[in-house]
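Notes follow the structure.
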Amino acid sequence: MRKFILLIVGLFMSLAVSSCKALADNIKFAQVTDVHLSANSQYSINTLKSAIDDINSQPEISFVVFTGDNISNPKEENLKIFAKEVKRLKIPYYVAVGNHDVYKSGGLSKVKYYEILHEANPFYLQNKPNYKFRQSGFIFLIVDGAKEIIPGSIGYYREDTLKWLEKELAKYDKKKKQVVILQHFPIEYPQGVESSLRTHKTYKVENYRKILSEYHNVLAVISGHFHVNSENMNDGVYHISSPSLLSAPNSYKIIDIVTTKEFSPIIYTRLKEFEVKE
């Protein structure tokens, strides 16, 4: 009888440990930003190639997000090279646009941009600049702040974009789903960029911030644009900015989201340096 009781206790403890492991959620992904690839710069092409090789060597990374300024200027030849290279990734990838990426009058609208990505990889299904995807129970929103009519370095989150964002946040707040936002232009400016704000700030950023303050399911806002590494917490939201892929030392950011029972998710980040191969 004693052996039977010990067996039951042991089985219960084993199930409890297994249950805790099942409830714990850990997702790891890579953010690559401000690639600024140019057909006229072999170095920029080699840098992206080397970053992709480095990411492919790490099987624990679930997906990659390119957070804008993927090309140096809005020309099809640049985007086609970018699209060809990112297709080599062994894991899913998602692309946001930045101020260097699109210019409608120049022939590279946002619609055309995503068409070229799809032409290079038929499995790349995103066709709008604002979209969402799900990974490991989290909701990821790509939010577009780039101007395609009169391009410039000042971000602009249009009214229809903000309405879409608010609708998505409200829906997932009711479902108690946590959200990570990925975009090019920050809404909380990184430390040390005060001298750049005149030309690189986000227009009417207070409208975006107001929406964010009304919901409590946003874990992080992850962006690029300023080419600096900066992270800060504001009203429970982790604001993460990352340096350009071309900045020395060359690096991209690895982001871990760890969820444990009865605790809020914890975000860990680190810059992953890599060697650029010729």
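The values are calculated or read from the model by the stated rules, or taken from the named source; none is laboratory data. Quantities reported herein were computed from a predicted structural model and do not represent experimental measurements. Every residue, glycine among them, receives a Cβ derived from its backbone with ideal geometry; neighbour counts consider all protein chains shown. We work out accessible area using only protein heavy atoms, side chains counted, and drop any ligands, DNA or RNA first. Shrake-Rupley method; radii C 1.70, N 1.55, O 1.52, S 1.80 Å.
All of Ser50, Ser72 fail the test of being open to solvent by less than 40 Å² (accessible area, probe 1.4 Å), small (Gly, Ala, Ser) and in contact with a strand residue (DSSP E or B) (Cβ under 8 Å, 6 or more places away or on another chain), apart from Ser72. Taken over segment 230-278, the criterion of being small (Gly, Ala, Ser) and either open to solvent by 60 Å² or more (accessible area, probe 1.4 Å) or part of a strand (DSSP E or B) (or both) is satisfied by Ser230, Ser241, Ala248, Ser251, Ser264. Of the listed requirements (1) touching a Gly at 6+ places or on another chain (Cβ under 6 Å); (2) free of Cβ contacts under 8 Å to residues at least 40 places away in the same chain; (3) of a type in the set (D, E, K, R), Glu60 misses just one: (1). Out of all the residues in segment 16-39, is one or more under 20 Å from Ser136 (Cβ atoms), surrounded by fewer than 17 Cβ atoms within 10 Å (Cβ to Cβ) and at pLDDT 95 or above? Yes, segment 16-39 has at least one match.
Residue count for segment 94-136 under the criterion of being under 19 Å from Leu169 (Cβ atoms) and over 16 Å from the mean Cα position of the chain (by Cα): the result is 0.
Residue by residue through segment 148-163, note down the ones that are farther than 27 Å from Arg134 by Cβ and open to solvent by 60 Å² or more (accessible area, probe 1.4 Å).
Of all residues in segment 148-163, those farther than 27 Å from Arg134 by Cβ come to 148-154, 156.
Ile149, Ile150, Tyr156 - these are the residues of segment 148-163 that are farther than 27 Å from Arg134 by Cβ and open to solvent by 60 Å² or more (accessible area, probe 1.4 Å).
Yes/no matrix, rows are residues, columns are (1) modelled with pLDDT of 95 or more; (2) open to solvent by 20 Å² or more (accessible area, probe 1.4 Å); (3) out of contact with any Phe, Trp or Tyr (no Cβ under 9 Å at 6 or more places or on another chain); (4) of a type in the set (Ser, Thr, Tyr):
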site	(1), (2), (3), (4)
Leu165	yes, no, no, no
Tyr172	yes, no, no, yes
Val180	yes, no, no, no
Ile187	yes, no, no, no
Gln191	no, yes, yes, no
Ser195	no, yes, yes, yes
His200	yes, yes, no, no
Ile211	yes, no, yes, no
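Within segment 61-83, the residues that satisfy the criterion of being assigned to a loop (DSSP other than H, G, I, E, B) and more than 17 Å from the chain's Cα centre (by Cα) are Ser72, Asn73, Pro74, Lys75.
Look at segment 87-111: where a residue is more than 11 Å from Pro74 (Cα to Cα) and open to solvent by 10 Å² or more (accessible area, probe 1.4 Å) and a partner is at pLDDT below 95 and part of a strand (DSSP E or B), sitting 6+ places away or on another chain with Cβ atoms under 9 Å, you get Pro92/Gln135. Selection of segment 129-151 for residues being assigned to a loop (DSSP other than H, G, I, E, B) and modelled with pLDDT of 95 or more yields Pro129, Asn130, Val143, Asp144, Gly145, Ala146, Lys147, Glu148, Ile149. Among residues of segment 164-185 that are touching a residue at least 40 places away in the same chain (Cβ under 8 Å) and in a loop (DSSP other than H, G, I, E, B), those with a Cβ under 6 angstrom from a residue that is surrounded by 18 or more Cβ atoms within 10 Å (Cβ to Cβ) and of a type in the set (Val, Ile, Thr), sequence gap 6+ or separate chain, pair up as Lys177/Ile139; Gln183/Val143; His184/Thr67; Phe185/Thr202.
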